[in-house]
Amino acid sequence: MSARIKTVGVIGAGQMGGGIAHVAALSGYDVLLYDVTRERIEKGLATVNGNMARMVSSGKLTEQARNETLTRISAAADMSDLAGADLVIEAATEDETVKRKIYAQLCPQLNPEAILATNTSSISITRLASQTDRPERFIGIHFMNPVPVMKLVELVRGIATENATFEAAKAFVGSLDKTITVSEDFPAFIVNRILLPMINEAIYTLYEGVGTVEAIDTAMKLGANHPMGPLQLADFIGLDTCLSIMQVLHDGLSDSKYRPCPLLVKYVEAGWLGRKSGRGFYDYRGETPVPTR
């Protein structure tokens, strides 16, 4: 555990927030999990429980360790319950307006010494920090999905982030047995700056009829040794998230090479967002995923 941080608040009990709560509790931190409804928190806790049960059955965790870990995660019914947290990580949806509203409600509740972090995958840390009462104690801690499995965390300091905040965040992430990569605060940081244009290019390859969904994914799996094809990966990430990151890159860097593919826009408009909605570049409603193009 990090010396300075004992209690961690997590805002957002979805895939990312639940995963962050899971790894923090597993590393000995007391975790307070908050979301807008009790149902969402319960669903998040149930997912954490299920993921840990899988770790027990695969021999990565003992039943006792699982029970102890689960007792360290509590539901925060109200934002004011996060008042005692030393670090709060916001893992809400990738929408700047939503994040700003959260900070406006949260900051007055927080201990003045507490560090506020965001799990954003692409939005400017400097700009988000400027919406809070503590830009010096604000930092980007970007976990990869799925959090319990992926080893990497991107640490991103805004222009105002103090060294003490950076060091405390670094110690915290290190204590979770994750590998840190430090990125400058430019649109989409390192991983998504490289990964999303590749996915967007794969969608252009489909859009222009160069190859089918199956051909493109097979080509990259077997030809570039990627564990998952780019279109399959896009469905896993969520096509709405892919589109929002491409828009952040396009707006932030004003370069036509980041223009989102019209086919990606079309799928998002159709509500075909990938695995989570049942359809994307593959249809997930049957026994096995079937390409939709």
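The values are calculated or read from the model by the stated rules, or taken from the named source; none is laboratory data. On a predicted model such as this, the values are computed, not experimentally measured, just so you know. No Cβ is skipped: glycine too gets one built from the backbone with ideal geometry, and neighbour counts run over all protein chains shown.
Within the option set F172, F166, being crowded, with 21+ Cβ neighbours inside 10 Å and within 26 Å of Q105 (Cβ to Cβ) holds for one residue only, F172.
Pull up the range 1-19, narrow it to residues that are of a type in the set (S, T, N, Q) and either in contact with a Ser or Thr (Cβ under 7 Å, 6 or more places away or on another chain) or at pLDDT 95 or above (or both), then point me to the one that is surrounded by the most Cβ atoms within 10 Å (Cβ to Cβ). My answer is S2.
Checking each residue in the range 235-272 for being more than 25 Å from I190 (Cβ to Cβ), of a type outside the set (G, A, S) and in contact with a strand residue (DSSP E or B) (Cβ under 9 Å, 6 or more places away or on another chain) picks out Y267, W272. Residues of the range 264-275 that are surrounded by fewer than 17 Cβ atoms within 10 Å (Cβ to Cβ) and either among the aromatic types (F, W, Y) or in contact (Cβ under 8 Å) with a residue 12 or more places away in the chain (or both): V265 alone. Looking at A160, A168, can you tell me which residue is modelled with pLDDT of 95 or more and touching a Pro at 6+ places or on another chain (Cβ under 7 Å)? Just one listed residue meets the conditions, A160.
Listed here are the residues, each with its yes/no results for (1) surrounded by fewer than 23 Cβ atoms within 10 Å (Cβ to Cβ); (2) out of contact with any Leu (no Cβ under 9 Å at 6 or more places or on another chain); (3) not aliphatic (A, V, I, L, M).
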{"position": "L61", "(1), (2), (3)": "yes, no, no"}
{"position": "T71", "(1), (2), (3)": "yes, yes, yes"}
{"position": "M79", "(1), (2), (3)": "yes, no, no"}
{"position": "T93", "(1), (2), (3)": "yes, yes, yes"}
{"position": "C107", "(1), (2), (3)": "yes, no, yes"}
{"position": "I115", "(1), (2), (3)": "no, no, no"}
{"position": "T118", "(1), (2), (3)": "no, no, yes"}
{"position": "S130", "(1), (2), (3)": "yes, yes, yes"}
{"position": "P146", "(1), (2), (3)": "yes, yes, yes"}
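Evaluated against (1) under 18 Å from the mean Cα position of the chain (by Cα); (2) on the phi > 0 side of the Ramachandran plot, I41 falls short on exactly one condition, (2).
When the range 187-227 is limited to residues that are in a helix (DSSP H, G or I) and aromatic (F, W, Y), the one that is surrounded by the fewest Cβ atoms within 10 Å (Cβ to Cβ) turns out to be Y207. Of all residues in the range 101-127, those satisfying the criterion of being farther than 20 Å from L243 by Cα, touching a strand residue (DSSP E or B) at 6+ places or on another chain (Cβ under 9 Å) and hydrophobic (A, V, I, L, M, F, W, C) are I102, L106, C107, L110, A114, I115, L116, A117.
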